[in-house]
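Throughout, read-outs are computed from the coordinates displayed, never taken from laboratory work. In this text, all values refer to a predicted model and were calculated from it rather than measured experimentally. Virtual Cβ from ideal backbone geometry, glycine too; neighbours counted across all protein chains shown.
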Amino acid sequence: MNIRKLILLFFTVCMAAFCYGRDTSSYNIKDLIPIARDLQTTDILVPYQLNGKWGFVNQRLEKITDAEYEYRRDVTKYFALAYKNDAWFVILCDGQEIKIGNKKSNPFAIVEEYFTIQELIPGRNGERYKTTIHSVFDGEIAVLYDCEIPVAGKTQSLEYIQVYAYDPVTNSGRTNYVNAKGELKFPYDEYISIYSYDESLGRGVMRNKQDPDKDYAIIDKDMNIIKKFSDLSEKFSDGLIAGIDEYKYRDQEKLEIPGGYYDVNGEKRFSVIFHKSPIKTIYLIQSFNSGVLPCRIVDGETHVMGDYSIYEENDWGIIDTEGHIIASHITAKKIEEFSGGVANIITKNNEGKEEVRLINTNGKIITKDAFDTIEECVNGYCAAQKDGEDYLISAKDGKSYRCRDFR
C-alpha cells in the first residue's frame, strides 16, 4: 500500500470517528460537504411514520433513523429534508443529520443533490428574500435575491428553478424561472403569468390576462406561443397536458366540457370530457403519472373528474398516454393520481366507511387489506395507517410491514 493510500485511509478512519463520535445536533451546513462525499451510495432513504412522527429506513427496511421528526419534505437519491425542534435538517443516507436552518428557512430539494435555503434580510425598502442553492457534494452553488421558492416549486433540473420573483422597480411579483446565476428566464409583464416551465421538454404554460377568450397558451423556451387555449392545466406530465380549446359546456347541469390531452406541439393526442372542479375548470384535473391516468369511462367516452363528490360506481378505468383503455369496470368512489406505479383506490365497506387500498397501473388491487390512509409512494413504499397502527406498503407487491417492527 503506497503512502497516498495510507493517508487517505487514515483520513477516512478519522472522519468516521469524528462523525459518529459527536452529537449530530451540533452539525451545521459546513460539515455537510466532506460527510456527504464520503457517503455516495446506492442506498436510498424511505420515510416511515410512527406515533405521529417521521423517520427513515433504507430500501431493505433497515432503520436508519428513529421516528423523531415532526414532518418531512423532499426525499431524493442522496438526502432527505426533515424538521424537528424548530429547525430543518438534511438527513444523509446513513442517518446523519446536518442542521441547515430554522423554520423560516423553508428548504426545498432540487432533483437529486441540490437544495435551497431561504432567509429574510434587510433591504432598502424593508426585508427582502435571499435564497441560497447548495449541493450536498459541492457546497454553495449560487445566491439569489428577491426570489421566493413557492411551496409547489418543483423543477426537473438545476438549470431553471421555479420561483416567485419580485420586481423592485414595479414593486410586484409573479411566478418565474431563474437559473443558478440568478438570471430570470422570462421577462416581466404585469399581464402575463408563467405557470410552469419544463426544461427537459422546452415547453411552458402561460396565461395572458389581456386575452379573455384564449388566455392560456403552451409556449416554447423563448415565450413563442405554440398553441392558445380557453383553459389549460398548469404543467406537462408524462409529456401531456390537459386543455380545453373552446370553453363551451356540453351539459351545463353536469358541468361537462369537451377537451383533451395535448402533446408538446399542441397536437391533441385524444379527446376527453372534463368535469368542472370547485376552483378552476381544469386546475385540479388529475395529471398523467407512471404513464397512466385514472378516469371514468361512460358510454365509451373518457371522463376526467375535477370534483369527486360522486356515488360509488363501477365505471372507473385507467388509460395510457395514447388514450387506450388499460382497465375498466372498476368499482370505486375515487381513484387518486398515480405515483411510483400505484394509486389509492377508495371504496366503501358494508358499514359505509371509506377504505383505501393500492391499485397498480394494470388496474389490479395489490393490497390484501384495506387501510384508513395511504400516503403517496416515495422510493418504492407508501406510508399507511390502519386502526392506529403505522405501516409501510411495498408498491411492487402490496406487502405491508409494521413500522414498530423496524430494527
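Can you give the convex hull volume of the alpha carbon atoms of the stretch 310-407 per residue, in Å³?
On the way: hull volume 9.9 nm³, N = 98.
Convex hull of Cα atoms, per residue: 101 Å³.
Which one, 330, 370, 297, is farthest towards the positive end of the dipole of the stretch 295-407 when Lys and Arg carry +1 and Asp and Glu -1 on their Cβ?
The listed residue farthest towards the positive side: 370.
Please give me the summed charge of the neighbours of residue 86: other residues whose Cβ is under 12 Å from its Cβ, Lys and Arg +1, Asp and Glu -1. Working shown, then result.
Numbers: positive: 84, 99, 103, 104; negative: 70.
For residues surrounding residue 86, the net value is +3.
Whole-Hz ³J(HN,Hα) for each residue in the stretch 115-126, computed from phi via Karplus 6.51 cos²θ - 1.76 cosθ + 1.60 with θ = phi - 60°, x for glycine and proline: what do you get?
For the stretch 115-126, the Karplus curve yields 8, 10, 10, 10, 8, 9, 10, x, x, 4, 10, x Hz.
Could you tell me, in Å, what Rg and Dmax come out for the Cα atoms of the stretch 66-138?
13.1, 45
Using only the alpha-carbon atoms, what does the stretch 352-407 span along each of its principal axes? Please give whole angstrom values in decreasing order.
Principal-axis extents of the stretch 352-407 (Cα, largest first): 34, 31, 17 Å.
What is the Cα centroid distance between the stretch 361-407 and the stretch 217-231, reported in whole angstrom?
Here the answer is 40 Å between Cα centres.
Ratio of alpha-carbon Rg to the 2.2 N^0.38 Å globular estimate for the stretch 57-98, to two decimals, please.
Numbers: Rg = 9.8 Å, N = 42, 2.2 N^0.38 = 9.1 Å.
For the stretch 57-98, the normalised Cα radius of gyration comes out at 1.07.
I'd like to compare 342-351, 57-66: which one has the highest average count of other Cβ atoms within 10 Å, and what's the full order after that?
342-351, 57-66
Mind checking which lysines have their C-alpha under 25 Å from residue 228, skipping anything on the same chain fewer than 8 residues away?
In chain and number order, the partners are 154, 185, 209, 214, 248, 268, 276, 280.
So what are the ³J(HN,Hα) numbers for the stretch 361-376, from phi and the Karplus equation (6.51, -1.76, 1.60; θ = phi - 60°), rounded to whole Hz, Gly and Pro as x?
5, 8, x, 9, 6, 9, 9, 5, 9, 8, 10, 6, 9, 9, 7, 4
Classify the stretch 232-376 as rounded, prolate or oblate from the Cα gyration tensor: take a ≥ b ≥ c as the square roots of its eigenvalues, call it rounded if a/c is under 1.5, otherwise prolate when a/b beats b/c and oblate if not.
It is prolate, given that a/c is not under 1.5 and a/b is the larger ratio.
Cut-off under 20 Å on the C-alpha distance; same-chain residues fewer than 8 positions from residue 221 excluded. Which aspartates and glutamates are left, in chain and number order?
Excluding near neighbours in sequence, the set is 159, 183, 189, 190, 198, 199, 234, 238, 263, 267.
With label points built 7 Å along Cα→Cβ from the Cα atoms of residue 105 and residue 159, find their separation and express it in nm.
So the two model labels end up 3.0 nm from each other.
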